[in-house]
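Read-outs throughout are calculated quantities, based only on the coordinates presented, and are distinct from any laboratory measurement. Here the structure is a predicted model, which is why all the values come from computation and not from measurement. Here Cβ is always computed from backbone atoms with ideal geometry, including for glycine, and neighbour counts include all displayed protein chains.
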Amino acid sequence: MNIKILGTGCSKCEKLEKNLNIALKELNMDATIEKVDDLLELVSYGVMSTPGFVVDDEVKSVGKALSVKEIKKMLT
Amino acid sequence: MNIFSWLNAQLLKMKWLWDLVELLVEKVFGLSMDTRLGGSVHFFIYDTIKIFILLSVMIYIISYIQSYFPPERTKKLLGGIKGIKGNVLGALLGILTPFCSCSSIPIFIGFVSAGLPLGATFSFLISSPMIDLASLMLLMSFFGTKIGITYVAVGVVIAIIGGVVIQRLNMEKYVESYVWAAENVDIELDEMTGRDRMEFAKDQVKDIVHRVWPYILIGVGIGAGIHNWIPQSIIERILGQGNPFSVLIATFIGIPIYADIFGTIPIAEALVAKGVGIGTVISFMMGVTTLSLPSLIMLSKVVKPKLLATFIAIVTIGIIIVGYGLNAFTALLI
């Protein structure tokens, strides 16, 4: 699984990354996490409010520091 | 006293809090309200608490409404609308769209690559930081309903005219070429449930309070200083109605400063109490919120100097005209 966090270092992006790591651990899943801070790439996903949460090239959420529970639901 | 003015005094102006802090300052600290120190301490405590209460309650309500208008949806709403209608809609959506300066560039690239007219994009970019529902409520609380509504109305007008002028000047070639190269992608977002929106609103409150509290304390501190320590005569000479350059001075002081409306309001309040014209104060607030060094530096990454300069010039001139205009009509507003 390939997960991308789109964002330019806002506080929500960091929180999302932290929660993602917890969620992956709890689910016992393995994924490559990529942090994207290139604005053009961000826009190429249609994302304008950060952080964008992209799983296998599909935008799952924008503008939200997802909770561990929400991330788990999206990944399973 | 009718029920509405009572509600306004207690809920928006928080008369109860004023009285409570007065008790605290006089009985607990043993400071008379008539002394400079007592007055400053009261101003600082009362304003800080009031702004934090208003901020939290209002950001919550407003974020709930804003959750219906993320930039991704705004882009779709604006697509395909031509002419001045696009400017009007851009300016109005700017009021509703949640916006922090950190996302201005992705929004700019997103809008432009979606083929939205440059003018409508700029109308949005001007109105978004300048006016939002929180500033409307805050201004109503501190200065009354008329001034709150006037601020929003003139802000929308500046945003519309600014966008129209940029459109007329045909400045598309002054947008960095890589912006045009970005492809346009629309994403389908799941409709949020009521609970999602409440969660979103709660997050926004936490996020914004976390981000703005230092500015609020600095703002209240400066306000308390102006309120009780700087002699009225000095402020009147520089910013008072008698000085024909007051609006110019206020605007140019405001532009480089980076803060949002929550930090500027206590300063504005103290200036008004010292006899500074309401137009002068509004120019100062608009200068602070709309143009700031950090946001201009970010914008300079996507537009060439000529367009950046045009944008700054249009907004500055608009703010100055508004300031002098409102000073002239002060009698109608207060």
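Tabulated results
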| quantity | calculated |
| --- | --- |
| Rounded, prolate or oblate (a/c below 1.5 giving rounded, otherwise prolate when a/b exceeds b/c) for segment B:176-241 by Cα gyration tensor | oblate |
| Label-point gap, in nm, between B:Met198 and A:Lys25 - each point 7 angstrom along Cα→Cβ | 3.0 |
| Theoretical ellipticity at 222 nm over the protein assembly as shown - DSSP helices of four or more residues, -39500 (n - 2.57) apiece, nearest 500 | -21000 deg cm²/dmol |
| Candidates B:Ile208, B:Ile321, B:Ile51, ranked by Gaussian network fluctuation over chain B, Cα under 10 Å, top entry | B:Ile208 |
| Sequence-distant residues sharing a close amide H with B:Val303 (under 5 Å, placed H) | B:Glu176 |
| Relative contact order of chain A, defined on C-alpha pairs under 8 angstrom at six or more residues apart (%) | 43 |
| 5 angstrom amide H check on A:Val36, placed H, neighbours 5+ away | A:Ile5, A:Leu6, A:Gly7 |
| Chain A: C-alpha gyration tensor shape, a/c 1.5 cut-off, then a/b vs b/c | prolate |
| Inter-part distance where segment B:189-210 and segment A:1-64 are each reduced to a Cα centre, Å | 18 |
| Sites A:Glu58 and B:Ile218 - FRET efficiency at Förster radius 45 Å, r taken between beta-carbons, to 0.05 | 0.55 |
| Computed FRET value (nearest 0.05) for B:Gln232 with B:Ile297, which takes r as the C-beta separation and R₀ as 41 Å | 0.65 |
